[in-house]
Amino acid sequence: VEYDRAASASAHVRGSTSPGPIVATKQVVAFSAFNGKKLVFVRSEDQGKSWKETEIAQGHGEIADLFPGTVADAAGTLYVSWLEKEGSGTALAYTFSKDAGATWSTPRVLAHRPGVAVFMWSAAGAAGRLGFSWYDAPDPAKEWWERAAIVTAADSDAPVVLETQVGDKATRTGPPCTDGTFCTSGREYGDFQQCALTPDGGLVLAYVTVLSAQDGGRITFAKLDAGPKLLDAAPDPWVV
């Protein structure tokens with residue numbers, strides 16, 4: 001049965017090789033994906049027995065990264081985020097739904113970055129609070145850095161964004177390869193990037209700092225020590 005459910009979901013996104021993380025709320029089990037130039041939201045309202053696909057965020061910019069992020073906050077609001085090209089730079093954009101994916105807000109841009117940004121990850125906390133992490137470089141031929149953002153009022157028309165560089169050491173020099181298993185060099189990042197919440201509502205990140213092409217990289221852990229919390233209090237029980 002489980003295999004049938006998986007096949008049913010994948011059948012709705014033919015041509016897509018870049019689904020984002022799956023999320024579950026009391027109403028839906030869902031994920032998002034790029035299907036060609038379209039951003040689609042795939043959801044099941046019957047615990048995976050059947051699936052529906054909806055194109056969302058029509059009018060978004062040219063996609064700049066492979067995997068969209070899908071998360072749900074404590075109020076059940078769904079968020080889908082992605083990176084898109086913006087002139088010579090990159091924009092972090094998202095859309096949200098307060099009715100389990102039936103309707104979506106118009107796309108919103110949270111951050112404008114010069115140069116290139118890749119491998120974005122997202123996390124959600126209390127109503128309207130989001131966290132993001134990614135690698136970026138104003139000049140992709142030079143140093144790449146870890147960056148993070150905390151967003152409040154993300155479920156409104158006036159989101160508030162706190163964006164920062166993480167650490168004082170570049171994560172690599174020179175552009176990474178983003179072609180996955182087709183890469184022959186430059187894949188020290190390993191497509192790896194994550195952020196999550198601590199029980200006290202802080203944003204934590206895990207990412208790769210590249211030592212060298214010969215020695216590869218090491219996993220680096222960081223916790224943002226300033227800015228708003230993503231939770232007011234730890235849920236009981238706390239489940240990661």
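The values are calculated or read from the model by the stated rules, or taken from the named source; none is laboratory data. Predicted, not measured: the structure shown is a model, and the values here were computed from it. Neighbour counts run over all protein chains shown; Cβ positions are idealised from the backbone, glycine included. Please note that ligands, DNA and RNA were not included when accessible areas were found on the heavy atoms of the full protein model with its side chains. Shrake-Rupley method; radii C 1.70, N 1.55, O 1.52, S 1.80 Å.
Of note:
- Selected residue (criterion: farthest from Phe96 (Cα to Cα)) from residues of region 168-187 that are open to solvent by 40 Å² or more (accessible area, probe 1.4 Å), modelled with pLDDT of 90 or more and of a type outside the set (D, E, K, R): Thr173
- Qualifying residues in region 139-160 (those that are open to solvent by less than 10 Å² (accessible area, probe 1.4 Å) and of a type in the set (Gly, Ala, Ser)) - the one nearest to Gly76 (Cα to Cα): Ala154
Residue-by-condition table, conditions (1) aromatic (Phe, Trp, Tyr); (2) part of a loop (DSSP other than H, G, I, E, B); (3) surrounded by 21 or more Cβ atoms within 10 Å (Cβ to Cβ):
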position: Gly48; (1), (2), (3): no, yes, no
position: Gly59; (1), (2), (3): no, yes, no
position: Glu84; (1), (2), (3): no, no, no
position: Thr106; (1), (2), (3): no, yes, no
position: Arg113; (1), (2), (3): no, no, no
position: Phe119; (1), (2), (3): yes, no, yes
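- Residues of region 195-234 satisfying the condition of being at pLDDT below 95, open to solvent by 60 Å² or more (accessible area, probe 1.4 Å) and under 18 Å from the mean Cα position of the chain (by Cα): Lys223
The rows are residues; the columns are (1) at pLDDT below 90; (2) surrounded by 22 or more Cβ atoms within 10 Å (Cβ to Cβ); (3) part of a strand (DSSP E or B).
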{"residue": "Ser32", "(1), (2), (3)": "no, yes, yes"}
{"residue": "Leu39", "(1), (2), (3)": "no, yes, yes"}
{"residue": "Val42", "(1), (2), (3)": "no, yes, yes"}
{"residue": "Thr54", "(1), (2), (3)": "no, no, yes"}
{"residue": "Ala74", "(1), (2), (3)": "no, no, no"}
{"residue": "Ser81", "(1), (2), (3)": "no, yes, yes"}
{"residue": "Leu92", "(1), (2), (3)": "no, yes, yes"}
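- Meets criteria (open to solvent by 40 Å² or more (accessible area, probe 1.4 Å) and of a type in the set (Phe, Trp, Tyr)) for Trp134: no
Residues are listed down the side, and each one gets a yes or a no for (1) without any contact (Cβ under 8 Å) to a residue 40 or more places away in the chain; (2) touching a Gly at 6+ places or on another chain (Cβ under 7 Å):
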residue: Gln47; (1), (2): yes, no
residue: Glu53; (1), (2): no, no
residue: Ala57; (1), (2): no, no
residue: Leu66; (1), (2): no, no
residue: Thr70; (1), (2): no, yes
residue: Gly76; (1), (2): no, no
residue: Gly87; (1), (2): yes, no
residue: Leu92; (1), (2): no, no
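- Out of Ala141, Ala123, sole residue that is small (Gly, Ala, Ser) and in a strand (DSSP E or B): Ala123
- Residue under evaluation Lys26, criteria (1) assigned to a strand (DSSP E or B); (2) touching a Gly at 6+ places or on another chain (Cβ under 8 Å), criterion not met: (1)
- Apart from one condition, Gly190 fits all of (1) at pLDDT 95 or above; (2) at positive phi; the exception is (1).
- Of Arg129, Arg108, all but one fail to be among the basic types (Lys, Arg) and at pLDDT below 95; the exception is Arg108.
- Looking only at residues in region 137-173 that are free of Cβ contacts under 8 Å to residues at least 60 places away in the same chain and in contact with a Pro (Cβ under 8 Å, 6 or more places away or on another chain), the one that is nearest to Lys229 (Cα to Cα) is Val151.
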